[in-house]
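Novice: The structure under discussion is supplied below as structure tokens; questions concerning it will follow.
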Amino acid sequence: MISKISLIESNFYDIIFSGWGASACILLNEMDKQNLLSSKKVLIIDPSEKLENDKTFCFWSTKEEDIFKDYRLLISNQWSGIQINNSQPESISPQFYFHINSIDLYDKARSIIEKYTIKVLVGKITRIQNGAKVKVKSSEGSFTCSYVFDSRSIDFEKIKKSNHFIYQSFFGLKIRLKHKVFDESVYRMMDFRVSQQVATQFVYILPYDSTSALIELTRFGKKVIHKALAKQQLIEYIHNYFGEHEVIADEFGVIPMASHNFKSKKSEKVIQIGTRAGSVKPSTGYAFKNMYTHAKEICSDGIQSKNITINKRFAFYDQLLLIILSKWPQMGKPIFERLFSKKRSFLILKFLDEKTSIREDLSIFGKLQIGVFLKALCYWFFNKLKPSIVAILFIVSIFLFENNSSSIFLTDFQLGLLSFGLLLVGIPHGALDHLTETISKKKKITFSFISKYLLLMVPIFFLWYYQPLLGLVFFLIYSAWHFGQTDMNYWKIKSNWLSMFWGVSLLGYMLFSHLDEFIVIVQYLGVNFSDNSFPVLIFSKILLLSSFLIAFFKRKLNWMLWCVFLLLSTKISLLLTFGIYFIFHHSRIGWMDLKANLKTSHFNMFVKAIPFNVGAVAIYFLFFVKGGFSLQQNISYFFIFLSCISFPHIICMSLFYKK
Ligand SMILES: Cc1cc2nc3c(=O)[nH]c(=O)nc-3n(C[C@H](O)[C@H](O)[C@H](O)COP(=O)(O)OP(=O)(O)OC[C@H]3O[C@@H](n4cnc5c(N)ncnc54)[C@H](O)[C@@H]3O)c2cc1C
């Protein structure tokens, strides 16, 4: 027992660094400076021993800024002038462009590791699990800790799904020239005298002295640069513009340039740092200064979980530039060339540091190709609206359907529209429950699956049969949960109570704002409901308005639009309101969730749903058209059938979303 406890305790650390790259080194440096490591048990795990000079880190600042003072001893080169293409060099005074070799940063961290006898393991972290104490699984064993600083490389495939994603990839050569050619006080930020056919490409030159330099071919594009082709282009470029040379070393790198929202990952104990925290400025690929600022924020008052601060104005500019670079890559060259030729480099660096005023921003944009920025703005706006187009369409459609509000029945056109939607997505979205692997683990319609499905329907049927009012209330409660859960999942809000709140608000308002029609329908179901409209309507209005306000504060446009749709839906009938919401919103997003999770095509899903579609049409004809029942009976049987079949579906989807 004693040995077990001591074993567990020996695996406990105050802090674990998952990854020992630039961001971890910068954070260690800051912790050391703030004396936050002295009484801490710290572990670092990284597959690399950090013995190679694998990167060069550059940043610009004045010599008065803290970042310079903190890294002064590691800076190996500095430049006071900047050059674009082969134009006249321009001073960036009082700023300098500073250069740090990654090995010097790693060695500095190594000295801190030795100072505090921090444990370092060469291995891979495979899992980090949040909890009262964080559990870390690695190739070297399992550990627990109070804080993890996670800088593991990110999965580009995941952030590729963000709206505007491109790679900044580069291949560089460290070279020595035969003749003294370089001006060692000037670095070349961008030289566009290379092919622009496939993407925005430029050469970046850091001269170390008059004969040696790092020369990189950089690409902003959807595809990563090809090393061999890049080398060929670089050699040609160096030969053309600088003459004979020898290659000493090479460097290759890929940085994501994405409008990905890294913020959602915030946790008090598992703190993302570096690239995975969103330190890389999307439009430039620079991260060093952001990592430095982030480290300072984390250490500002003891150790605290802090997200990277994102300036929304500049994040918006970044998105516009990313749109241009990804959609119209040939525009990168003229934009950057115009930018540097029309504005002082000092102001541009200030802009890239996100420190300019709106006035200064406008003076910069005023000099650029306004047409392409307007095009990017339209594209951005359309992209923002895209997920809400269906909601907008149906808000507009309310005014077209307006005249029919007095009847609970549908016109032929409305019936046609809803039937089409029901066959296209309404029924199919509920016909793939076997693929959710919830009530049955096999992704097939098996005897066991059908039995469990039917068994879940039985109690609902009997509830309707013996206690129609209870049946109705129960049906409304689980439907509210299901609608709310599906919507919150779609709007990326993780809250069970909000799911229920929204479900109740939407169903409550939908039904009570069409009270006359609701009363007629429930009477068909054998439930007597007295016309006591005033309090319930007011109450449901309050719920809906509260939902609208929550949506507003959570900045969920789509949610706000569906609130507007419901508010206006008093102009159309209850069946049409419900049909539109159920088919064109609820079923559609449920279908999309399944598609994303099952990683299959619409066609495949539709084919798998055909038996249910055929079955549903057959039941409709045999039972409701040819059955010879009265309209009243048809409506009541339909609702009871719907509520019975919904119950297992809702259980499947609820478990599916929880997974
Ligand atoms: C070649 C190159 C040059 C750059 N130059 C500049 C520049 O000049 N200026 C600038 O501002 N920015 C620059 N950047 C961008 C940015 O500063 C760097 O990418 C920086 O290294 C990011 O720091 P990081 O800690 O997020 O990632 P890294 O420095 O890459 O560190 C991540 C660490 O996590 C480790 N790791 C990965 N998987 C695991 C795992 N499963 N378990 C444990 N550890 C793991 C890796 O081995 C690595 O050590 C450059 C980037 C590259 C690629």
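The values are calculated or read from the model by the stated rules, or taken from the named source; none is laboratory data. Bear in mind the structure is a predicted one, so any value in this text is a computation, not a measurement. In this analysis, Cβ positions are derived from the backbone assuming ideal geometry, glycine residues included, and neighbour counts consider all displayed protein chains.
Novice: Residues being closer than 28 Å to TYR490 by Cβ and β-branched (Val, Ile, Thr): count how many of those fall in segment 602-659.
Specialist: 5
Novice: Also, quick follow-up: Which one is nearest to ASP66 (Cα to Cα) among residues in segment 87-124 that are in contact with an Asp or Glu (Cβ under 8 Å, 6 or more places away or on another chain) and among the aliphatic types (A, V, I, L, M)?
Specialist: ILE112
Novice: Here is a list of conditions, (1) closer than 24 Å to ASP54 by Cα; (2) of a type outside the set (A, V, I, L, M, F, W, C); (3) away from the ligand (no atom under 13 Å from the Cβ), and GLY131 meets all of them except one; can you say which number that is?
Specialist: (1)
Here's the yes/no breakdown for (1) among the aliphatic types (A, V, I, L, M); (2) touching a Leu at 6+ places or on another chain (Cβ under 8 Å); (3) surrounded by fewer than 17 Cβ atoms within 10 Å (Cβ to Cβ):
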{"site": "THR117", "(1), (2), (3)": "no, no, yes"}
{"site": "THR126", "(1), (2), (3)": "no, no, yes"}
{"site": "ASN130", "(1), (2), (3)": "no, no, yes"}
{"site": "SER169", "(1), (2), (3)": "no, no, no"}
{"site": "GLY172", "(1), (2), (3)": "no, yes, no"}
{"site": "LYS178", "(1), (2), (3)": "no, no, yes"}
{"site": "VAL186", "(1), (2), (3)": "yes, no, no"}
{"site": "GLN201", "(1), (2), (3)": "no, yes, no"}
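Novice: Is it the case that segment 286-294 has a residue that's within 16 Å of the ligand (Cβ to nearest atom), closer than 21 Å to ILE154 by Cβ and part of a loop (DSSP other than H, G, I, E, B)?
Specialist: yes
Novice: Checking ILE92 against (1) more than 14 Å from the ligand (Cβ to nearest atom); (2) touching a residue at least 60 places away in the same chain (Cβ under 8 Å); (3) within 27 Å of TYR147 (Cβ to Cβ), which single condition isn't satisfied?
Specialist: For ILE92, the exception is condition (3).
Novice: Follow-up question, since we're still on this one. Identify the residue in segment 143-158 that is surrounded by fewer than 13 Cβ atoms within 10 Å (Cβ to Cβ) and within 14 Å of the ligand (Cβ to nearest atom) and, among all such residues, is modelled with the highest pLDDT.
Specialist: SER153
Novice: Could you tell me which of the residues ILE215, ILE166 is modelled with pLDDT of 95 or more and in a strand (DSSP E or B)?
Specialist: Result: ILE215 is the single residue among ILE215, ILE166 that is modelled with pLDDT of 95 or more and in a strand (DSSP E or B).
Novice: Could you pull out the residue among GLN523, GLN485 that is among the polar types (S, T, N, Q), surrounded by fewer than 20 Cβ atoms within 10 Å (Cβ to Cβ) and in the same structural domain as GLN414 (by TED's automatic domain parsing)?
Specialist: GLN523
Novice: Which fully enclosed helices (runs of 4 or more DSSP H) of segment 1-90 have 1 or more residues being on the phi < 0 side of the Ramachandran plot and of a type in the set (S, T, N, Q)?
Specialist: Per the criteria, 2-10, 22-33.
Novice: Moving on. Restricting to segment 18-65, name every residue that is farther than 30 Å from ASN130 by Cβ and away from the ligand (no atom under 16 Å from the Cβ).
Specialist: THR62, LYS63, GLU64 - these are the residues of segment 18-65 that are farther than 30 Å from ASN130 by Cβ and away from the ligand (no atom under 16 Å from the Cβ).
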